[in-house]
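Here's the structure, in structure tokens; my notes come after.
The values are calculated or read from the model by the stated rules, or taken from the named source; none is laboratory data. Source: prediction; values computed, not measured. We place every Cβ from the backbone using ideal geometry, glycine too, and count neighbours over all the protein chains shown. Heads up: the accessible areas ignore ligands, DNA and RNA and are worked out on the full protein's heavy atoms, side chains in. Shrake-Rupley method; radii C 1.70, N 1.55, O 1.52, S 1.80 Å.
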Amino acid sequence: MSGTKAIDKSSLLHNMIISAALLAGFGGLGTALVVSTFELTKEQIEASEKANLLKNLNNILPAESYNNDLLASRLTVPADSLLGYDKPVTVYQAWKDKTPVAVAYPIVAHDGYNGDINLLITINVSGQISGVRVISHKETPGLGDKIDINKNPWILSFNGKSINNPKQKLWRVKKDGGVFDQFTGATITPRAVVKAVYRALDYYNANKQWLFLDQKSFDQKYHAAMRGE
Amino acid sequence: MSETLSETTAPSDINEDKKPGSSLAEGSFPAKGSFLAEYTPIAKDGLWSNNAVLVQMLGLCPLLAVSNSVINALGLGLATIAVLILSNMSISLIRNIVRPEIHLPVFVIIIASVVTAIELVIHAWFHELYLILGIFIPLIVTNCSIIARAEAFASKNTLGKAAFDGLMMGLGFTLVLVVLGAMREVIGLGTLLSNAHIMFGEGMQWLTIEVIPDYKGFLLAILPPGAFMGLAFLLALKNYFSLKKKA
């Protein structure tokens with residue numbers, strides 16, 4: 001850039017415009033790349049999420065025990081402190097032909113050692129636990145993370161348990177006088193999980209009369225009951 | 001590893017970003033024409049003499065966070081390689097259009113878009129890996145070695161060389177990541193390649209090796225301090241070899 005002052009000024013403006021246009025162009029290009037990738041992967045992401053959820057569910061509910069479309073038979077229930085959520089929760093219903101088999105729903109324990117522990121539980125229509133799995137957690141690696149089935153089979157000790165088996169005061173870790181093992185060096189994590197699982201059973205027993213309804217009848221009956229009719 | 005790599009070529013340099021650890025001659029471009037003469041220095045630089053982690057000390061945040069097992073390390077390493085190759089290629093393609101004063105913003109836009117696109121692809125087709133790597137995929141954007149390569153190499157070199165440099169820098173990064181991951185996993189958990197099935201499919205469960213049976217675990221290695229200590233150890237080792245070669 002040389003020459004008189006006037007030329008400098010106009011070439012500066014010229015340069016600025018070109019730079020701005022280039023920057024805008026690349027911004028547009030980048031956005032186009034992201035938008036097109038998003039559109040291309042949208043369906044696949046949805047399918048992967050569904051497959052993953054179904055896989056998680058089938059780990060704790062034998063696929064041969066039901067024959068409905070598990071992910072389609074869902075019921076949205078209002079937030080409940082027993083589930084640990086302050087937002088509505090999706091309950092999945094398993095049916096064999098026209099007979100109810102089990103329900104599955106997520107629960108969350110807020111009293112872990114390090115943040116929330118998200119769990120998924122399936123409960124047979126009889127009130128027995130079919131299975132529990134940890135979906136995500138931030139517990140200490142090597143100590144609290146034994147609640148994860150990939151690290152330790154501990155979570156299987158809930159299988160077959162129900163609200164009266166063992167008795168309420170035994171629904172604790174051994175250190176607190178209950179029947180469930182804790183881990184060496186980690187009591188807070190298993191304690192939180194045991195409590196959350198117990199609350200999930202409590203929720204099932206308090207609400208089982210409408211957990212197998214379809215959404216419309218559920219909304220009517222549940223709200224009628226809540227109003228005390 | 002060090003012996004084979006350090007004997008491949010005579011010292012040469014193609015990078016602008018000289019670091020204290022690099023003992024190469026200044027500005028001596030390899031002779032034009034020979035494919036090998038042009039590409040071996042790039043490989044050597046990326047893998048060893050100008051390694052993103054061991055020499056340039058870039059990308060340490062994801063490195064320290066994700067190196068707690070071999071599979072996590074490999075997953076993030078592969079994603080980083082993909083980002084490096086794609087961003088280097090796109091930047092090499094536009095190197096003559098973009099003027100110096102808007103280099104950085106344009107590179108940032110390109111790298112961010114490429115990373116977002118790769119994140120979506122991993123989410124769609126490698127869902128389980130996505131669940132493991134989670135937050136660390138978008139954080140690849142913050143891996144300084146990517147913008148460093150864009151500015152220092154890709155913006156000055158042809159498409160082929162830029163792509164190769166991306167591959168080699170990425171491999172160098174992945175190599176350190178995996179070695180650190182292996183160290184921490186063996187010391188911390190007594191296993192190697194645990195969770196291999198998440199990355200390679202259910203049939204690959206056998207890849208997991210129990211190095212030390214009935215190992216009680218050494219928590220420190222898995223926690224963040226273990227990452228710092230492991231990295232320090234690797235750096236010391238690299239410096240030892242470099243100094244020994246010099247002497």
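Miscellaneous remarks
- Sites A:Thr99 and A:Asn58 - FRET efficiency at Förster radius 30 Å, r taken between beta-carbons, to 0.05: 0.95
- Reduced Cα scattering model of the protein assembly as shown, Debye log10 I(q)/I(0), q = 0.06, 0.07, 0.12 Å⁻¹: -0.39, -0.52, -1.10
- Estimated FRET transfer efficiency (A:Ser217, B:Trp206; beta-carbon r; R0 56 Å; 0.05): 0.65
- Dipole magnitude of segment B:68-242, debye to nearest 20 (Cβ charges: Lys/Arg +1, Asp/Glu -1, about Cα centre): 580
- Radius 12 Å from Cβ of A:Lys151, net charge of other residues (Lys, Arg +1; Asp, Glu -1): -2
- Intensity falloff of segment A:133-173 expressed as log10 I(q)/I(0), Debye formula with alpha-carbon point scatterers, at q = 0.13 Å⁻¹: -0.34
- With contacts taken as Cα pairs under 8 Å and at least 6 residues apart, chain B reaches a relative contact order of 26 percent.
- Net charge in the neighbourhood of A:Leu22 (other residues with Cβ under 15 Å of its Cβ; Lys, Arg +1, Asp, Glu -1) is +1.
- Value in Å of the Kirkwood radius, where segment B:68-242 supplies the Cα pairs that are averaged: 17.5
- Taking 0.36 nm per residue of separation and subtracting the current Cα-Cα distance, fully stretching the chain between A:Gln44 and A:Ile149 would add 35.1 nm.
- Applying the Karplus relation 6.51 cos²θ - 1.76 cosθ + 1.60 with θ = phi - 60° to segment A:161-172 yields 3J(HN,Hα) values of 6, 9, 5, 9, 10, x, 4, 3, 6, 9, 6, 8 Hz, where x marks Gly and Pro.
- Across the cross-link table entries A:Lys161/A:Lys195; A:Lys151/A:Lys195; A:Lys146/B:Lys216, which are compared at the Cα atoms, the separations over 18 Å belong to A:Lys151/A:Lys195.
- Computed magnitude of the charge dipole of chain A (debye, nearest 20; Cβ of K, R +1, Cβ of D, E -1): 620
- Normalised contact order of chain A, rounded percent, pairs of Cα under 8 Å and 6 or more residues apart: 14
- Working from Cα pairs under 8 Å separated by at least six residues, relative contact order for segment A:10-132 is 16 percent.
- Dipole size of the protein assembly as shown about its Cα centre, with +1 on Lys/Arg Cβ and -1 on Asp/Glu Cβ: approximately 760 debye, rounded to the nearest 20.
- Computed E for B:Leu93/A:Ser81 - FRET, C-beta separation, R0 51 angstrom, nearest 0.05: 0.35
- The per residue volume of the convex hull around the alpha-carbon atoms of chain A is 224 Å³.
- Each residue was assigned an accessible area with a 1.4 Å probe, and for B:His103 the value is about 30 Å².
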